[in-house]
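Since the structure comes first, as structure tokens, the remarks are kept for the end.
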Amino acid sequence: MKYRWEFVALALVLVLVLVSGAALARASQGLQGKAFGALLPENVPWAPFPSFPPSVRLAVLVGDTSTSSPYVVRVKVPEGIKLMPHRHPEDRIYTVMSGIFYIGIGEQFEPDKLKAYPPGSVVVLPGNTPHFHWAKSGEYVTQVTANGPLGIEYVNPKDDPRKGVQ
């Protein structure tokens with residue numbers, strides 16, 4: 001009888017681990033756009049993103065950024081970080097969640113071209129528009145809405161963190 005209870009306890013623990021693991025996997029991929037779902041701010045799945053400097057975080061909130069479908073992500077950039085000129089193939093809509101979002105248009109990083117957008121601002125960026133960012137006055141968080149797949153190409157390949165040279 002003792003062994004039976006140990007087996008039941010072990011089976012229960014295994015089920016809890018599997019259920020927890022499945023929930024974590026779903027959260028890292030974002031909510032599905034075809035069913036009701038919710039994500040509270042304290043549960044945003046922030047993670048490093050290889051295309052950004054190491055201290056920048058990205059969170060997939062809705063959808064799958066690797067497919068040709070709608071997605072919503074958030075990007076958190078710490079104070080002082082510059083994202084050098086780059087392009088995204090997809091049209092994007094940025095909503096500034098917190099901080100001041102500085103963005104400039106062009107193939108060279110030119111601080112005089114930066115425009116500041118406070119929380120609540122909405123910025124439309126057509127696909128393949130070269131642009132750059134700077135967390136000039138502190139950390140900022142933007143929410144990006146687009147149709148995937150998510151892509152990024154740096155104007156100068158030396159600026160691409162995926163290349164290991166900065």
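The values are calculated or read from the model by the stated rules, or taken from the named source; none is laboratory data. Here the structure is a predicted model, which means the values were calculated and not measured. In this analysis, Cβ positions are derived from the backbone assuming ideal geometry, glycine residues included, and neighbour counts consider all displayed protein chains.
Here K136, K82, K113, K76 are screened, and the one residue that is buried (at least 18 other Cβ atoms within 10 Å of the Cβ) and either out of contact with any helix residue (DSSP H, G or I) (no Cβ under 6 Å at 6 or more places or on another chain) or without any contact (Cβ under 8 Å) to a residue 40 or more places away in the chain (or both) is K76.
Considering (1) surrounded by 17 or more Cβ atoms within 10 Å (Cβ to Cβ); (2) within 20 Å of A59 (Cα to Cα); (3) touching a His at 6+ places or on another chain (Cβ under 7 Å); (4) not hydrophobic (A, V, I, L, M, F, W, C), the lone condition that T142 does not fulfil carries the number (3).
Against the condition over 20 Å from G151 (Cβ atoms), buried (at least 18 other Cβ atoms within 10 Å of the Cβ) and modelled with pLDDT of 95 or more, how does Y102 come out, does it pass?
Details: over 20 Å from G151 (Cβ atoms): yes; buried (at least 18 other Cβ atoms within 10 Å of the Cβ): yes; modelled with pLDDT of 95 or more: yes.
So Y102 fits the description; yes.
Kindly establish whether P119 is modelled with pLDDT of 95 or more, out of contact with any Lys or Arg (no Cβ under 9 Å at 6 or more places or on another chain) and either farther than 26 Å from D159 by Cα or surrounded by fewer than 18 Cβ atoms within 10 Å (Cβ to Cβ) (or both). Here the answer is yes, as P119 does meet what is asked.
Among (1) modelled with pLDDT under 95; (2) in a loop (DSSP other than H, G, I, E, B), there is one condition S55 misses while meeting the rest; what is its number? For S55, the failing item is (1).
Provide a single number: the residues in segment 133-163 that are closer than 24 Å to A116 by Cβ, in a loop (DSSP other than H, G, I, E, B) and of a type outside the set (A, V, I, L, M, F, W, C).
Here is the first cut: in segment 133-163, the residues closer than 24 Å to A116 by Cβ are 133-146, 152, 154-155, 159.
Then drop every residue that is not in a loop (DSSP other than H, G, I, E, B), which leaves 135-139, 152, 155.
Checking the rest, the ones that are also of a type outside the set (A, V, I, L, M, F, W, C) come to 136-139.
Result for segment 133-163: 4.
Considering (1) of a type outside the set (K, R); (2) at positive phi; (3) assigned to a strand (DSSP E or B), the lone condition that G120 does not fulfil carries the number (3). Here P50 meets each of (1) touching a helix residue (DSSP H, G or I) at 6+ places or on another chain (Cβ under 7 Å); (2) crowded, with 16+ Cβ neighbours inside 10 Å with one exception, condition (2).
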